[in-house]
Structures are given as structure tokens and as C-alpha cells.
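Down below is the structure, laid out as C-alpha cells.
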Amino acid sequence: MTCAPSARRRAAAGAALITALLAALTLTACSADDPGDSTDTTAAATATDTAATTTTTTADATIDGEPADAAALAISDQLAASLMSAADEFGDVEVDLLLVYADHVSLFYVDPADPGTRHRTELRDSTWSAPTRGPRLGTAPPLPLDAIDPVVVRSAIEATPTLLGTDEARLSHVSIYPDDSGRAEYLVALATGGSLGNVTFGPDGQEREVEAPR
């Protein structure tokens with residue numbers, strides 16, 4: 001084992017001050033190489049403290065003033081309830097786009113009789129608005145309702161503050177839509193100050209793209 005840079009600097013300083021005591025200097029150098037040396041212990045303690053600080057920072061991240069995990073759970077529960085309500089209200093529709101906000105949900109679903117048309121409706125206070133028609137802009141296969149996973153949304157929201165490097169943010173929205181292969185893609189957008197950042201996740205919850213706040 002070689003001396004750490006700081007130990008070598010201390011040994012050199014000792015040699016300059018006590019040049020006549022070669023034996024003592026050798027003993028000091030050997031002591032610095034000893035695995036039990038306090039320098040290594042201090043370094044290990046510093047590394048542990050750094051890791052603990054990183055963990056605490058992640059755990060203390062907030063969204064809308066709530067701990068990130070609590071905010072993520074609330075949004076995922078809201079999403080699960082919305083999916084059940086949409087199935088009851090509109091049947092087994094296929095989703096072109098689903099926008100989840102803190103206080104409502106916007107659903108764009110494909111017209112089963114006209115795949116080039118989609119209907120837009122909003123769920124507020126447990127009530128769906130009357131659907132309006134419009135052209136479908138995307139070409140990817142739409143998502144069945146059961147292809148949307150609230151558990152993935154929860155983990156994605158929890159992970160987003162750390163991926164964006166922020167400890168305090170506001171939820172802008174969560175976008176859910178089909179990717180090019182027709183599988184669910186999730187985008188979590190958080191606002192920090194006057195900036196908006198977002199992270200895109202695949203159907204398995206793994207991040208695909210991070211766009212930092214700007």
C-alpha cells in the first residue's frame with residue numbers, strides 16, 4: 001500500500017524539520033502505510049458523511065411542498081382512479097394522450113369509428129366534461145387503458161427531482177402517450193423558479209431523456 005498524497009506531504013515536512021532522525025521518519029512513513037492509520041479512517045468517515053448527505057438530499061426533495069414520495073403517491077392514486085373512471089364513462093377506449101395535473105386530468109382518446117379523430121375530455125371534481133372532437137396528430141398505435149401503469153408513474157415522479165438536480169419543485173404535469181412502437185412513454189415536468197425541466201421514462205420506468213430546467 002502506498003502513502004496517500006496528504007500522508008506523503010506530512011512525511012516530507014517531517015523530514016525537513018527533523019533531518020537527523022531518519023529512524024523516526026521511517027517509522028512515521030510506515031505508520032502512514034498502516035491500514036489502521038487515522039488518515040484513512042478520516043477519509044472513510046468523510047466518504048460516509050458525503051454519501052449520507054447525498055441520500056438525505058434525495059430523500060428531502062419536495063414537490064408542491066410535499067415530500068417527493070408522498071406527492072408521487074398522490075398523483076399515481078389520482079391516475080389510477082381516473083383510468084377506472086374513464087373505463088366506466090367511455091368504455092375500453094384507446095389513449096392518444098393523457099395529461100395529469102395536480103387538480104385534474106385531460107384525456108385524449110381515439111375515436112374507434114375514425115382512427116384519425118380523437119376526443120378530448122377533462123376530469124374535474126369526479127366529473128368528465130363533454131368530449132370535443134379534433135384531428136389526431138400522431139401516427140403511433142394508441143394505448144389501451146390498461147397499458148398505462150400508475151406504479152411506473154409513481155416511481156418516475158419520485159426519481160425526477162434527483163435527475164433534474166433540484167430539491168424543491170412544483171409539478172407542472174405528467175404526460176402519457178404512445179412511443180413510436182406503441183408502448184407507453186411517461187414525461188414528468190417539474191417547475192423550479194421560472195424554469196421548467198422534464199424527464200422522459202419508458203414503459204419500464206427507466207429514464208430515456210433528461211431536459212434540465214432552463
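The values are calculated or read from the model by the stated rules, or taken from the named source; none is laboratory data. Model, not experiment: these values are computed from the prediction. No Cβ is skipped: glycine too gets one built from the backbone with ideal geometry, and neighbour counts run over all protein chains shown. Keep in mind that these areas ignore ligands, DNA and RNA; they rest on the heavy atoms of the full protein, side chains included. Shrake-Rupley method; radii C 1.70, N 1.55, O 1.52, S 1.80 Å.
Cβ-Cβ distances below 6 Å connect the following pairs, each with a first residue in the range 122-145 that is touching a residue at least 24 places away in the same chain (Cβ under 8 Å) and part of a loop (DSSP other than H, G, I, E, B), a second residue that is open to solvent by 60 Å² or more (accessible area, probe 1.4 Å) and not hydroxyl-bearing (S, T, Y), and a separation of six or more residues or different chains: A140/D180; P142/E94.
Within the range 183-199, the set of residues being in contact with a Lys or Arg (Cβ under 9 Å, 6 or more places away or on another chain) and either among the aliphatic types (A, V, I, L, M) or open to solvent by less than 10 Å² (accessible area, probe 1.4 Å) (or both) comprises L190, A191, L196, G197, V199.
This table checks each residue for (1) under 19 Å from the mean Cα position of the chain (by Cα); (2) at pLDDT 95 or above; (3) crowded, with 18+ Cβ neighbours inside 10 Å.
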{"position": "P112", "(1), (2), (3)": "no, no, no"}
{"position": "D149", "(1), (2), (3)": "yes, yes, yes"}
{"position": "P161", "(1), (2), (3)": "yes, yes, yes"}
{"position": "L171", "(1), (2), (3)": "yes, yes, yes"}
{"position": "S181", "(1), (2), (3)": "no, no, no"}
{"position": "R208", "(1), (2), (3)": "yes, yes, no"}
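Picking from residues in the range 122-144 that are within 28 Å of the chain's Cα centre (by Cα) and open to solvent by less than 90 Å² (accessible area, probe 1.4 Å), the one that is modelled with the lowest pLDDT is G138. Here A87 fulfils each of the conditions (1) surrounded by 20 or more Cβ atoms within 10 Å (Cβ to Cβ); (2) over 16 Å from P203 (Cβ atoms); (3) at pLDDT 95 or above apart from (1).
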